[in-house]
Amino acid sequence: MVTTASEAPTAARVIRVSAAVITDCDGRLLLVRKAGTTAFMQPGGKPEPGETPDVTLVRELAEEVGLQLSVADLEPLGEFTAHAANEPGFLVVADVFRADIGTQVPVADAEIEELRWVTRAEASALDVAPLARTYFLPAD
């Protein structure tokens, strides 16, 4: 039996990622915006073949925001699901980790055009991805 895209199973419309919760000393959450998009989201990304979620996140943080971390710097927070910000009709399933960056200062690199440290109030004026908005924005 042949299935069309509209009949394909829901699993085919899922994007698997690893994402970081990084907060500063004022409790603000680090969000990034990729080039060519409007939504701010947590740094992270998609796994390469054979990567575990924590290894994916360590690699993505180095590539996207210049943070040099190890798996030991990550605290697993769980798996979270939300609508994808930049791919309409898709869900993001994210393995989320709190990342301890110490005194490192993140910088926009690779496909990241902008980064911001935000409070919940500041985020209300931004286009924030559903995953970050629903689960991880700090309480004001």
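Please tell me the relative contact order of the chain in percent, rounded to the nearest whole number, where contacts are Cα pairs under 8 Å and at least six residues apart.
Numbers: 266 pairs, mean separation 44.6, N = 140.
Normalised by residue count, the contact order of the chain is 32 percent.
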Tell me what the chain gives for mean residue ellipticity at 222 nm when only DSSP H runs of n ≥ 4 count, each as -39,500 (n - 2.57), the sum divided by the residue total, rounded to 500 deg cm²/dmol.
-> -3500 deg cm²/dmol
Taking Cα pairs under 8 Å and at least six residues apart, what relative contact order does region 79-140 come out at, in percent?
-> 35
GNM top mover of Leu77, Leu61, Leu31 - the chain, alpha-carbon springs below 10 Å = Leu77
Just Gly89, Gly66, Gly45 to compare: in a GNM of the chain, with alpha carbon springs under 10 Å, which one fluctuates most?
-> Gly89
The chain: most fluctuating residue of Gln42, Gln68, Gln104 per GNM, C-alpha cutoff 10 Å | Gln104
Work out, step by step, the length gained on full extension between Val55 and Thr38: first 0.36 nm times the residue separation, then minus their alpha carbon distance; give nm to one decimal.
-> 3.4 nm
With only Lys, Arg, Asp and Glu charged, each at its Cβ (+1 for the first two, -1 for the last two), find how big the charge dipole of the chain is about the Cα centre; round to the nearest 20 debye.
-> 360
In nanometres, the difference between 0.36 nm per residue of separation and the alpha-carbon distance of Ala121 and Val71 is 14.9 nm
Pseudo-spin-label distance Thr134 to Asp26, built 7 Å along Cα→Cβ, given in nm, is 2.9
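FYI, it's all coordinate maths here, none of it is from the lab. Only a predicted model underlies this, so the values are computations on that prediction, with no experimental measurement involved. When we count neighbours, we look across all protein chains shown, and the Cβ atoms used for this are built from the backbone with ideal geometry, even at glycine.
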